[in-house]
Amino acid sequence: MPIIGHAFVGVATAVAFPVSADRPPASARSEATWVVAMLACAYLPDIASQALRFLVVGDPRQPAHSLAFAVAVSVPAAWALSHLAGDRYPRVLGVVLASVLVHDLLDVLQSPGRMPFAPFSSWTADFEPVLPRGARVETVLFGGAALGVVVIRAHHLGVTGRGPRTWLGIDRMLVLAFLAAMAVLPVALYTHHCRNLRERQAFRATRYLHAGDPARALRTLDEAGRWPGVARPARLDHLRAEALSLLGREAEAESLYLRAREGDPTSFWILADLAQFYAASSRPAGERRRLVAPLVRELDARFYSHPRYKEVVDRIECRLRAP
């Protein structure tokens, strides 16, 4: 997810859609509440998914980043904010819902493996990431867009002659937005740094697996699973399943393979490795073929053009023939 980008989106939303735009001038308290709320809305799916990690089994990021969740959480959040900020409920609902949906859209553009229609559908977008990663590029891209919003607001106030409510001659909303950004951006930068650290730990675990050291890989994966976690957490379940399979712990490996597949149904390698795991398991030959058959059919239907498709299918068949 664009961690730093969401902060700039929250600031830009507060500036572009100020509280009580069609009412008498809002108080400084209402405007401050509005700015803080817009920043919270910009991160709302992530806040919810982190909270749900302590309440549910598995990865809550998919449902917390879905259209159904956006609607369900926006209705009560907008009701509370409309009372706190003193703005009309329909307007607040529109801004809050749009903020949450923009968050989901940006996440999909950076990590297409999301399931926006969960829990009703496991459909995922099938394209290469559009938004680049990296703290600098996010700061330039989203910070530039937020600056553009500020310039447009200043121009609009000048053209309409409404004049901003000011502190020492400076637009009060811009001052509040700036202060909020200065408070949130260091946290976003630190979170971005931690996310990169988790990604590097996951990469090291992959190398340990390839080197034939599954025990060390599991220890490294425990570190990679800490907050804030990697962008695609199903990958960690996949790597854990690989390590447990190498250690002969089939029941645990199977559970993690299935959870990884549920978390990222678009992954060729999760599906392929699950099929290879069943093909090489200690089950009777007939049961192995029964478990592998639907997985191979799915590989045929969805990943026929994958460059490693034929190699994987041949390997599965070879393992099935083994006693």
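Its alpha carbons considered, the stretch 233-321 gives a radius of gyration followed by a Dmax of 12.2, 33 Å.
For a quick check: sort 61, 114 by the number of other beta carbons within 10 angstrom, fewest at the front.
Fewest-to-most Cβ neighbours within 10 Å comes out as 114, 61.
The angle between the Cα long axis of helix 28-42 and the main principal axis of the chain comes to about 20°, on a 0 to 90 degree scale.
The mean sequence separation of alpha-carbon pairs under 8 Å and at least six residues apart, normalised by the residue count of the chain, gives a relative contact order of 16 percent. Between the Cα long axis of helix 67-85 and the first principal axis of the chain there is an angle of about 20°, rounded to the nearest 10. Per-residue ellipticity at 222 nm from helix content only, as computed over the chain with -39500 (n - 2.57) for each DSSP H run of at least four residues, stands at -23500 deg cm²/dmol. Taking 0.36 nm per residue of separation and subtracting the Cα-Cα distance, full extension of the segment from residue 28 to residue 287 would add 86.4 nm.
On a 0 to 90° scale, report how tilted helix 214-224 is relative to the longest principal axis of the chain, with both axes built from alpha carbons and the result rounded to the nearest 10. It is inclined by approximately 10 degrees. Taking Lys and Arg as +1 and Asp and Glu as -1, the other residues whose beta-carbon sits under 11 Å from that of residue 37 total -2.
Here, each number is a calculation from the coordinates, and none is a lab measurement. All of these numbers come straight from a predicted model, not from anything done at the bench. Methodologically, a virtual Cβ is constructed for each residue, glycine included, from the backbone with ideal geometry; neighbour enumeration extends over all protein chains shown.
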